[in-house]
Amino acid sequence: MSYEEKNQEENGSTTRDDALPFHKLLSYGDSLDWVLMGLGTFGSLLHGMAQPIGYLLLGKALNAFGNNITDLDAMVHALYQVVPFVWYMSIATLPAGILEIGCWMYASERQTARLRLAFLQSVLCQEIGAFDTDLTTPKIITGISGHLSIIQDAIGEKLGHFISSVTTFICGVVIAIISCWEVSLLTLLVAPLVLAIGASYNKRMTVISSLKMDCQSQATSLVEQSISQIRTVYAFVGERGSMKAFEEQCEKQAVMCKQEALVKGVGIGMFQTATFCCWSLIVWIGAVVVTAGKASGGDVIAAVVSVLFGTM
């Protein structure tokens, strides 16, 4: 621990377990990185809007089939009015996808390189006593490789995908309300159930993954210490103690794996069950709306698919 960090702890201004604010995740970006992230955000917005717009065009195409089922010329004419927009959307999604993935990943690679250098400089500035207590070799290796790889993934694909998903949700809700507001309101009522199940599943899986990583780090530390100090282990007849400690960590990791399998199975099952139940209710209400003549079949399908896939 450095002298500045000691002073900060004595003054009570910071603690070791403080969570890092989200904006600090991008604090190592320079002007070029911000330009790349801006282009990546623009690509994510376009890519996110493409999916619900595609569902809207699908509804228009279904209406062209259903409303002109007895008139082939009118059906073809109606489809000709929809097909050009599909071409425009397909042409726009190609550069949008390139900008979303390429710019975000390149910006994350540049920032992660600076983070690795800053991490190494921070480790080298610590006092010698810290390497005997907190800064063990496995923790340093895990931090500079595993943890920073997670940060790189978060800045790169995850952040771009998050912006794209939020855009898909907002655009899907707007298109659903425009297409058929009755079905869209019902979908918005049942969608939180699906979201709650998915959020609970992801939260539990995150906790289990963190515990598994801790057990793996401790097991790696035990192996590293035993091998690096093998003469001391033999001198004090500590083979059984080392094996027992390693076995305990492996048992903890096995328990975490069992819990992960159980949570994943139950979570995915509940998620699919809730999704199919919502589908059945929404389709039934959509059939009632179409029968009453308040909306067409294509508009109902566009509204249902836009909201459901937007929330997922």
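Brief remarks follow.
- Which listed residue, of Ala199, Ala303, is loosely packed, with under 12 Cβ neighbours inside 10 Å, within 27 Å of the chain's Cα centre (by Cα) and either within 30 Å of Gly66 (Cα to Cα) or not acidic (Asp, Glu) (or both): Ala199
- Residue-level check: of (1) in contact with an Asp or Glu (Cβ under 8 Å, 6 or more places away or on another chain); (2) among the charged types (D, E, K, R); (3) over 30 Å from Gln121 (Cα atoms), Lys203 misses just (1).
- Candidates in region 170-181 are the residues that are modelled with pLDDT under 85 and within 22 Å of the chain's Cα centre (by Cα); of these, the one that is farthest from Leu58 (Cα to Cα) is Val173.
- Just so you know, in region 260-290 the residues that are of a type in the set (S, T, N, Q) and within 21 Å of the chain's Cα centre (by Cα) include one that is modelled with the lowest pLDDT, and it is Thr275.
- Residue within region 160-167 that is among the aliphatic types (A, V, I, L, M), within 24 Å of the chain's Cα centre (by Cα) and modelled with pLDDT of 85 or more present: yes
- The lone exception for Gly143 - which of (1) over 30 Å from Ala287 (Cα atoms); (2) modelled with pLDDT of 80 or more; (3) not hydrophobic (A, V, I, L, M, F, W, C) it fails: (2)
- Residue satisfying all of: in region 276-312; among the polar types (S, T, N, Q) and touching a helix residue (DSSP H, G or I) at 6+ places or on another chain (Cβ under 6 Å); farthest from Leu79 (Cα to Cα) among these: Thr311
- Residue list for region 71-87, restricted to those being within 18 Å of Pro52 (Cβ to Cβ) and either surrounded by 12 or more Cβ atoms within 10 Å (Cβ to Cβ) or in contact with a helix residue (DSSP H, G or I) (Cβ under 6 Å, 6 or more places away or on another chain) (or both): Val82, Phe85, Val86
- Residues within region 204-221 that are within 11 Å of Phe246 (Cα to Cα) and either outside any helix (DSSP H, G or I) or free of Cβ contacts under 8 Å to residues at least 40 places away in the same chain (or both), tallied: 3
- Options Cys215, Cys180; residue that is more than 22 Å from Leu262 (Cβ to Cβ) and surrounded by 18 or more Cβ atoms within 10 Å (Cβ to Cβ): Cys180
- Filter result for the condition that a residue is assigned to a helix (DSSP H, G or I), acidic (Asp, Glu), in contact (Cβ under 8 Å) with a residue 60 or more places away in the chain and over 30 Å from Val183 (Cβ atoms), over Glu247, Glu224: Glu224
- Residue match in region 42-53 (condition: buried (at least 18 other Cβ atoms within 10 Å of the Cβ), part of a helix (DSSP H, G or I) and over 21 Å from the mean Cα position of the chain (by Cα)): yes
- Flag if Glu260 is acidic (Asp, Glu) and either out of contact with any helix residue (DSSP H, G or I) (no Cβ under 9 Å at 6 or more places or on another chain) or surrounded by 13 or more Cβ atoms within 10 Å (Cβ to Cβ) (or both): yes
- Scanning region 182-200 for residues that are β-branched (Val, Ile, Thr) and modelled with pLDDT of 80 or more yields a total of 1.
The values are calculated or read from the model by the stated rules, or taken from the named source; none is laboratory data. Note that the structure is predicted; figures quoted are calculated from it, not measured. In this analysis, Cβ positions are derived from the backbone assuming ideal geometry, glycine residues included, and neighbour counts consider all displayed protein chains.
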